[in-house]
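J.: Below you'll find the structure I mean.
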Amino acid sequence: MTTAPLKYSKSKKVGEGTYAVVYLGTQISSNRKIAIKEIKTGMFKDGLDMSAIREVKYLQELKHPNVIELVDVFSATNNLNLVLEFLPCDLEVLIKDTSVVFKSADIKSWLLMTLRGIHHCHRNFILHRDLKPNNLLLAPDGQLKIADFGLARSLGNANEDLTSNVVTRWYRAPELLFGAKHYTPAVDMWSVGIIFAELMLRTPYLPGKDDVDQLDVTFRALGTPTEQIWPNVSMLPQYNALRVYPPPSRQELRNRFSAATEKSLDLLISMTQLDPSRRCDLTQALLHEFFLESPRPTEPEDLPKKKEKRVKEEDDEMNKRFKV
Amino acid sequence: MSVKTPNTHPGISPGVVDSSKSNLTPNGSNLSGKPRPSVTQISRPFFTSSELSYLHSQTIADSKKLVFTQRKHQIFQFVFQIVKALKFPLRVLSTSMNYYQRFYLFNKFEDEEKDESTSDDNELEKDPYVVALTCVFLATKNEDCIKKLRDIQVVANKIRDIDETSKGHNGSGSNGASGGSRNSDSLAEAQRKAIMSLEFKLLQLIKFDFINGTVLTLDSIDSLTIQFCKKLGINYKISMFSWLIAFDIMSTPLCLMIPSHCISLAIIIVTLNLKPSQITTKFTPVEDLSEVNLEEILEGIDCYEQFRCPEPLVNEAIIYILDYYIHQMNYSILNEYIPAIDEETGKEQVFKFMELKSRFNDLTKMNQKSCLKRQLLESDEYLKVWDYSVAMKGSARFMLSNKRRRFSEEIDLEAV
């Protein structure tokens, strides 16, 4: 029995960060394009980076069309290499590309694929904790795949403290903004809700300038939580000196999301409930009537794609995406 | 399963640990066209007892068996102190002990008097205490209880009363005057370097398998035992008895043989059979339980349907637990919480365990026929002392055992 000593070829470097270098490459046996994340080991004060451990730990366990595939783990010349599915584009790039038009069926399709991927994580008791358009990658066949499990963790013991310093600021749920030490998969649901809004608006929905501003931006849009709508919210560590904004009326939301149907507004409202216990879970979201009303979600292969670009620009984009 | 390419670099033979070279210097000469060593390893988190004794025969010399056991107890005490001081949950302790025992399946146990004349950085790497620190460090990462290595070191060195600032350390743990040393790192820094190097080695030994062959959410024995007790409606005192057994068993090599849920269930079955009535606890529980109830609970347990535990594995664990107490009752934690003489029988506690074992004589255990012959064990490349130089100079690929099917497909593909 033998195995080919060289199973992958590296072509070009597409990104470099403090703890990893990303290369494009090919799986020789299948000619499949892959990305190799080479993780530097042994040079840092605290050894193998936690995010690398998480990525291996959780991605080895998950296999789903809407979750990035970890193809292989190997160590060579004393570095750890993670072989990942190669995914050339992400949702952020498309949102920012004003020349690409999103139809409501396209948004529905991306949202559906995102929810399916997260549902698979949650039913395996894994919280992603860093959902944002930049981490929703797009395969050449249009499939959306959830990536970057560097902040993920498994839902552990109920009496254990979790850190509230997770999720990129704009997509951070109010309980996290308030510094909650116990939270649920609802933090991921919130992020998806904000991404849904961003897909419709084509601009970030709640772009706070800093952590304090984030609270203000969030509550100006969605109302300041009170004891009435969110029991015991005032017990959370960072709940103090808040400006009180009234919750938005249905009409205000209609005005903000002018193209949204009533059903899509229902779903958005349900995903962005301030009280995490009232927020819908993944199963409820997937079964929402929004997905039953016309138009049907676009087939992945028919979804808008990144416009062809000159090689230089593409390289810059890659560099940006793989800033590790 | 372990597969090596036939064109292995002549300088690298499997089964030889080359610890003389620093892990941090990549060897450039191997890149110049020579075939590079390559190995694929499919994680095997569990071993049979015959595999374990075979592995130990390679790493622990007969003359050192006793030292190894004694040192292990001291070290687990030390690890427990660290875990307590840093307020980590017990699963960090449990994972650390698993890693420590796994480490010495594939690495030589060397615990000699430090040789002052050598100025070898690897000296520290051989120190079981530094190995233990590495195990704790990696366990905290895997169990999501992240702490800076520095903080763990400070606590650990304080527990052992070691002066971290002493200079001139050649990596040797002793605080001797090794004059003329070229290395002027403080002990803390030398320790850190050794831990960094050991961490990468440990990662290879666990085959980058962070779920240890089970499922992601499978808790450690102590916590599972309590969860199972709760599910079965077992009262406080009996649960406490089970927990004490769990705490004893956690430090044994049983975790290298049987998955934790099967061990926990075995602990509960042993407890229910013993029907412990006298146990010293700080709290006085309000509820009381009649023996009839215990029998009922025991009768109602369905290993596989309720707990997804294959029966032979549970039986294997039951026998192991009983043997443990028959031989080591006096050293166990449980012993401190029960009276020396059992009230009902008027005999020492150990007789209850012996009596129970005699009743369990005909349990179906695992069939180990396939791995009893030494010849077979010798031909199993997975059981060789792990060659770190493969990952250094060539490539070592790691797969979870549940990906085995994919691996077989690859083999078929290449056979064509």
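J.: Can you work out the FRET efficiency for the pair B:ASN330 and B:ASP362, with r the C-beta to C-beta distance and R0 = 25 Å, to the nearest 0.05?
T.: With R0 = 25 Å, the Cβ-Cβ based efficiency is 0.30.
J.: For chain A, what does -39500 (n - 2.57) per DSSP helix run (n ≥ 4), summed and divided by total residues, give at 222 nm, in deg cm²/dmol to the nearest 500?
T.: Computed ellipticity for chain A at 222 nm equals -9000 deg cm²/dmol.
J.: Cα to Cα, under 13 Å, and not fewer than 8 places away if on the same chain: which aspartates and glutamates meet these conditions relative to B:LYS369?
T.: Of all the aspartates and glutamates, those that pass the test against B:LYS369 - Cα under 13 Å, at least 8 places apart if same chain - are B:GLU51.
J.: Based only on other Cβ atoms within 10 Å, what is the fewest-to-most ordering of B:LEU202, A:LEU70?
T.: The order, fewest Cβ neighbours first, is A:LEU70, B:LEU202.
J.: Here is a further query. Taking every residue in B:389-401, how many Cβ atoms of other protein chains lie within 10 Å of its Cβ, on average?
T.: 5
J.: Once you've got the GNM for chain A with C-alpha springs shorter than 10 Å, pick whichever of A:TYR23, A:TYR205, A:TYR239 has the biggest mean-square fluctuation.
T.: A:TYR239
J.: Check which residues have an amide H placed less than 5 Å from B:THR40's amide H, if you skip close sequence neighbours.
T.: Residues meeting the amide H criterion: B:VAL3, B:ARG397.
J.: Which ³J(HN,Hα) values, rounded to whole Hz and listed in residue order, are derived for the range A:271-279 from phi using the Karplus coefficients 6.51, -1.76 and 1.60 in 6.51 cos²θ - 1.76 cosθ + 1.60 with θ = phi - 60°, glycine and proline given as x?
T.: Values, residue by residue: 6, 10, 4, 5, 6, x, 6, 9, 5 Hz.
J.: Using the number of other C-beta atoms within 10 angstrom as an exposure proxy, rank B:PHE137, A:PHE102, A:PHE178, B:PHE398 with the fewest first. Could you put the intermediate results ahead of the total?
T.: Numbers: B:PHE137 28, A:PHE102 17, A:PHE178 20, B:PHE398 24.
Fewest-to-most Cβ neighbours within 10 Å comes out as A:PHE102, A:PHE178, B:PHE398, B:PHE137.
J.: Within the range A:215-241, name every residue whose backbone N is under 20 Å away from a label modeled 7 Å from Cα of A:SER249 along the Cβ vector.
T.: A:219-225
J.: Show which aspartates and glutamates lie in cross-link reach of B:LYS237 when reach means a straight Cα distance below 12 angstrom and same-chain residues fewer than eight apart are skipped.
T.: Correct list for B:LYS237: B:GLU287, B:ASP288.
J.: Go ahead and collect, in residue order, the members of the range A:39-81 whose backbone nitrogen is under 11 Å from a label point 7 Å along the Cα-Cβ direction of B:GLU409.
T.: Once the point is set 7 Å along Cα→Cβ of B:GLU409, nothing inside the range A:39-81 turns out to lie under 11 Å by backbone N.
J.: What aspartates and glutamates does B:LYS347 reach when the alpha-carbon gap must be under 13 Å and sequence neighbours fewer than 8 apart in one chain are set aside?
T.: B:GLU355
J.: Given the pairs A:LYS40/B:LYS148; A:LYS13/A:LYS181; B:LYS141/B:LYS357; A:LYS33/A:LYS209, which are separated by over 30 angstrom at their Cα positions?
T.: Among A:LYS40/B:LYS148; A:LYS13/A:LYS181; B:LYS141/B:LYS357; A:LYS33/A:LYS209, the Cα-Cα distance tops 30 Å for A:LYS13/A:LYS181; B:LYS141/B:LYS357; A:LYS33/A:LYS209.
J.: Taking the simple approach of a point 7 Å from Cα along Cα-to-Cβ for both A:THR283 and A:ARG220, what is their distance in nm?
T.: Roughly 3.9 nm, to one decimal.
J.: B:SER57 versus B:ASN402, label points 7 Å from Cα toward the beta carbon: distance in nm?
T.: Reported label-point gap for B:SER57 and B:ASN402 is 3.5 nm.
J.: Another one. Which cross-chain or sequence-distant (5 or more) residues have an amide H under 5 Å from the amide H of A:ALA152, H modelled 1.01 Å from N in plane?
T.: none
J.: Now for a different question. For the range A:125-137, take each phi angle, set θ = phi - 60°, evaluate the Karplus expression 6.51 cos²θ - 1.76 cosθ + 1.60, and give the result in whole Hz per residue in order, putting x for glycine and proline.
T.: Couplings: 6, 10, 8, 7, 6, 8, 7, 6, x, 4, 9, 9, 8 Hz.
J.: If you don't mind, there's one more thing I want to ask. What list of ³J(HN,Hα) couplings, whole Hz, do you get for the range A:56-70 from phi and the Karplus terms 6.51, -1.76, 1.60, once you set θ to phi - 60° and write x for glycine and proline?
T.: So the J values, rounded to whole Hz, are 5, 4, 8, 6, 5, 8, 9, 9, 7, x, 10, 10, 4, 8, 8.
J.: Arrange A:SER191, B:SER220, A:SER154 by Cβ neighbour counts within 10 Å, fewest through most, would you?
T.: Details: A:SER191 27, B:SER220 23, A:SER154 20.
Ranking A:SER191, B:SER220, A:SER154 by Cβ neighbours within 10 Å, fewest first, gives A:SER154, B:SER220, A:SER191.
J.: Across the residues of A:47-59, average count of Cβ atoms on other protein chains within 10 Å?
T.: Values: counts 14, 9, 1, 5, 0, 3, 8, 4, 0, 7, 8, 3, 0.
Whole-number average of other-chain Cβ neighbours for A:47-59 is 5.
Laboratory data are not the source of any read-out in this text; all were calculated from the coordinates shown. None of these values were measured; they are calculated from a predicted model. Virtual Cβ from ideal backbone geometry, glycine too; neighbours counted across all protein chains shown.
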